[in-house]
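Just so you know, all these numbers are worked out from the coordinates, no wet-lab data involved. Here the structure is a predicted model, which is why all the values come from computation and not from measurement. Cβ atoms come from the backbone with ideal geometry, glycine included; neighbour counts cover every protein chain shown.
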């Protein structure tokens, strides 16, 4: 039966009626770089619309491109009040501070933006600049300390400032990157305690470099005491990780005081899949040897800090090693693998953002700041680590993920019961950021 209102003659003549509907999915055009030639034109536009935050920031970027940093910073700060979520302002202000070797000021600007806009656009570029400024500050401080070594030797170091040296790795050489990974995890965990001020990894690494010391070899006690004076750290943590190919793993760490006295090592042993649980035991032992008793809240924070996924931690450790060696492409690949293994591993995700954008940020001209600030905040996280990552872990170990099993028991007895090993779920699929698509969708209706 024909639908009501459809004429038979019309139907016979038009057996098929096609209706084409074109839909254009357009995305906003990406911002273009600015140049010194744009300063006058942008100044006029800002005068006409002074409350247009994006325009004010574009004007600041043009001033920066013209090497007029003093004016650029003033204009950018005003733009930041009008458009606080834009990364253009912090990039302009921070980069001008870096050019003047005011790395502390640059870091304050970058970190304030990251704290207020952790998922905003341009976060990757901000993290890259933060990394470069951190390295610049670390090198600056290391050189200043060495230049003032005689003066610093006469001053007592702060007993509440603690530095963790890279651990010595004994046994299977494929685990050498854990030297940095375990040191960074110990630093991160101890930083959660209220009493201590931790020396950042980059600061320690810069001093090792300036002193022409290997970061992977064990630092002699006399050298460690000297480093403590230079870092103003009254306590230096030295550790050892024994990882034989087919035997139990042993971690130990002791505290070296400024007087040269060494505490009894905190030690823990277990299977390789228990490595992250053993590290938490060491933290508790070190705190005890430094005369500190953890609160229940601190116990919980330490247990939940970082990752409980061993494969993710090994990839993260390799990323730190590559980053310290200046191989940011490899670092980004290993950070990506760590995030793939554990999407909630915040330190790895932030490291990935910084290193994956670093080549673009370093190659950018002074007028490219507006383009850098438009980058997506969450880069893709494909599985791009080298095949040696899995082989280094071993198939049986790579399939295990230590997880926190019982929070209540963990608080009561954090050393023995905090973390249990369970079979890991398959890693989540790679996260691919949406791309800008412009296309045509044609919808065809056919009448009966």
Starting from the Cα of residue 213, move 7 Å in the Cα-to-Cβ direction to define the label point; list residues of segment 257-300 whose amide nitrogen is under 17 Å from there.
257-263
Under 18 Å from a point 7 Å along the Cα-to-Cβ line of residue 100: which residues of segment 71-86 have their amide N that close?
71-80
Per 0.36 nm of contour for each residue apart, how much would the distance between residue 288 and residue 269 grow if the chain were fully extended, relative to their Cα-Cα spacing?
5.0 nm
Pop a pseudo-label 7 angstrom from the Cα along the beta-carbon direction at both residue 82 and residue 194 and give the gap in nm to one decimal.
4.5 nm
Packing-wise, with mean Cβ within 10 Å as the measure, how do 39-52, 177-190 rank, highest first?
177-190, 39-52
From the Cα centre of segment 230-249 to that of segment 250-309, the distance in Å is 11 Å
What is the gain in length, in nm to one decimal, between residue 147 and residue 48 on full extension, counting 0.36 nm per residue of separation less the C-alpha to C-alpha distance?
30.4 nm
What FRET efficiency would be calculated for the residue pair residue 140, residue 67, taking the C-beta separation as r and a Förster radius of 30 Å, to the nearest 0.05?
0.85
If R0 is 41 Å, what FRET efficiency do you get for residue 329 and residue 32 from their C-beta distance, rounded to 0.05?
0.90
proj_area_mean for segment 264-316 (convex hull on C-alpha atoms), units nm², value 4.1 nm²
Long-range Cα-Cα pairs in segment 156-304 (distance over 18 Å), rounded percent:
54 percent
Relative contact order for segment 156-304 using alpha-carbon pairs under 8 Å, separation at least 6, rounded to a whole percent?
26 percent
Would you please put 319-325, 143-149 in order of how densely packed they are, using the mean number of other Cβ atoms within 10 angstrom per residue and starting with the highest?
319-325, 143-149
